[in-house]
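Enquirer: Please see the structure below; I have some questions.
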Amino acid sequence: MFCHCGSQNKYKRLDAKLERKMIEVKKSSWGHSNFKSIDSIILRFPQFKEGLKNIKGVFEQYDEDSNGTIDLGELRHCLEKLQLQLEEEEIEELFHSCDIDGSEGIQFNEFIVLLCLIYLLMMPSSSSLAESNTSKVGSPQLEATFDAIVEAFLFLDKNGDGKLNKEDMIKSLNESSPWEKSPYRITKTRFKEMDGDRNGKVSFREFLFALIGWVGIDNDEEITDKE
């Protein structure tokens, strides 16, 4: 899923910004997680999938040439229509950071990540999302899905530094059943699936791409399966 051959500089600034935002959210009045174990996250996968599929209509609406991707110009139109106020530099940064295959076009799975990142970055740090009406990225069901995904990341981020490391994963996988610890190879495999650039830490962006794969959203199937 991830392209390892190109420069990782396009991710560095955005991932640092996401780390800072996660730290802010963790410290905020709502910055807790309702998840108590890794199993409780897995049990939510069907709801995650259903909620994220609601983005399909938005994607198809702004894929103006119907080629299965959203280019930079189409993304600008999308954000304008959704009334998401971002600077041009921020739009380009998000576009290139989510265009992981370097195709100069955002595919459906990449678009899901992009909208969720915007949702997080525009999240008010001082109050509960449930009490905030500032987000306009989609339906209440979609926003609730994004909220739950953020909470899942917060649960996994045991030391609250805005990113995940292997120690975080070991603690999370073993937390629900400490007497029956997960084999190290399983922890290592799960972490490797998330650590796209192999730098030993997982940003919220990388976590999102892995989660989309885990819940079973297939890019080609979701776009070509017309009703």
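Enquirer: Please label the shape of segment 61-104 as rounded, prolate or oblate, based on the square roots a ≥ b ≥ c of the eigenvalues of the alpha-carbon gyration tensor (a/c under 1.5 means rounded; beyond that, a/b larger than b/c means prolate, else oblate). Numbers along the way, then the final one.
Expert: On the way: a/c = 2.65, a/b = 1.09, b/c = 2.44.
It comes out oblate by the Cα gyration axes.
Enquirer: Further question: Provide the per-residue ³J(HN,Hα) series for segment 74-88, in order, calculated from phi with Karplus coefficients 6.51, -1.76, 1.60 and θ = phi - 60°, each as a whole number of Hz, with x at glycine and proline positions.
Expert: In residue order, the calculated couplings are 5, 5, 4, 4, 4, 5, 5, 5, 7, 6, 9, 7, 10, 5, 4 Hz.
Enquirer: Enumerate the calculated ³J(HN,Hα) couplings along segment 35-43 in order (Karplus 6.51 cos²θ - 1.76 cosθ + 1.60, θ = phi - 60°), each rounded to whole Hz, writing x wherever the residue is Gly or Pro.
Expert: 7, 10, 7, 5, 5, 5, 6, 4, 5
Enquirer: Further question: Charges on Cβ only, +1 for Lys and Arg, -1 for Asp and Glu, centred on the Cα centroid of segment 22-90; of Asn67, Gln83, Met22, which one is farthest towards the dipole's positive end?
Expert: Positive-end residue among those listed: Met22.
We did not get these values from a lab; they are worked out from the coordinates using the rules stated. What you are looking at is a predicted structure, and each value in this text was computed from that prediction instead of being measured. Quick reminder, even Gly has a Cβ in these numbers, built from the backbone with ideal geometry, and neighbours come from all protein chains shown.
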